[in-house]
Amino acid sequence: MVTNEKEGYDDNKMSGIENLFKQFGEDATFQYFKSFRRMRVNYNSPSAAASARIQLHQTHFGETDINCYFAQPVTPIDMEDQHLQPPALTKQFLISPPSSPPVGWEPREENEPLVNHDLLAAIANLSAGGSHELHPGGSGQPGIVVHVCETENPMKSGPRIQHTRCPEH
């Protein structure tokens with residue numbers, strides 16, 4: 001067996017697999033990716049690629065099975081236009097930070113922060129080591145119960161979190 005030192009592929013296996021894929025299109029081209037242990041087969045027509053995929057997927061060849069996948073076609077790069085173009089003006093405002101706001105945009109004043117005194121009073125009334133029901137259960141839904149830790153750092157003392165029982169449907 002002759003091994004292609006440059007590519008690391010066996011010439012006999014390469015020609016055998018190329019012939020296998022060329023039966024679906026004589027104009028097929030091949031690219032070998034040694035580091036991925038893969039090859040790419042390019043056809044000029046989608047029907048030839050589909051036929052090859054249908055007929056050769058999971059086919060045993062040599063010591064391995066062939067897995068075929070579709071890939072996006074390679075689009076040639078225009079030599080004059082090798083740079084990325086900026087997005088459309090309507091989408092530029094969505095880029096963070098925006099390059100400039102759209103025409104007619106005006107900032108609005110922020111409201112004062114809301115302080116929920118009822119929520120603060122409820123949190124202040126929580127007693128250490130106690131259980132507080134926030135939402136009663138019923139009609140197949142579990143209740144929400146808060147268990148307040150007795151220590152400042154619950155990770156050191158190691159209390160376990162009690163799991164809420166799943167309602168039976």
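Read the figures in this text as sums done on the coordinates, not as results from a lab. Quick caveat: nothing in here was measured; it's all calculated off a predicted structure. Note that we place each Cβ from the backbone using ideal geometry, even for glycine, and neighbour counts take in every protein chain shown.
Observations
- Whole-Hz couplings from phi, Karplus 6.51/-1.76/1.60, listed for the stretch 30-38; x for Gly and Pro: 10, 10, 9, 10, 4, 5, 9, 6, 9
- Other-chain or far-sequence residues with amide H under 5 Å of Met39's (modelled H): Phe33
- Shown in residue order for the stretch 107-124 are the 3J(HN,Hα) couplings computed by the Karplus curve 6.51 cos²θ - 1.76 cosθ + 1.60 at θ = phi - 60°: x, 10, 6, 7, 7, 5, x, 8, 10, 8, 5, 5, 5, 4, 5, 5, 5, 5 Hz (x for Gly and Pro).
- Relative contact order for the stretch 40-91: 20 percent, from Cα pairs under 8 Å spaced at least 6 residues apart, divided by residue count.
- The order of the peptides 107-119, 124-136 by mean Cβ neighbours within 10 Å, most packed first, is 124-136, 107-119.
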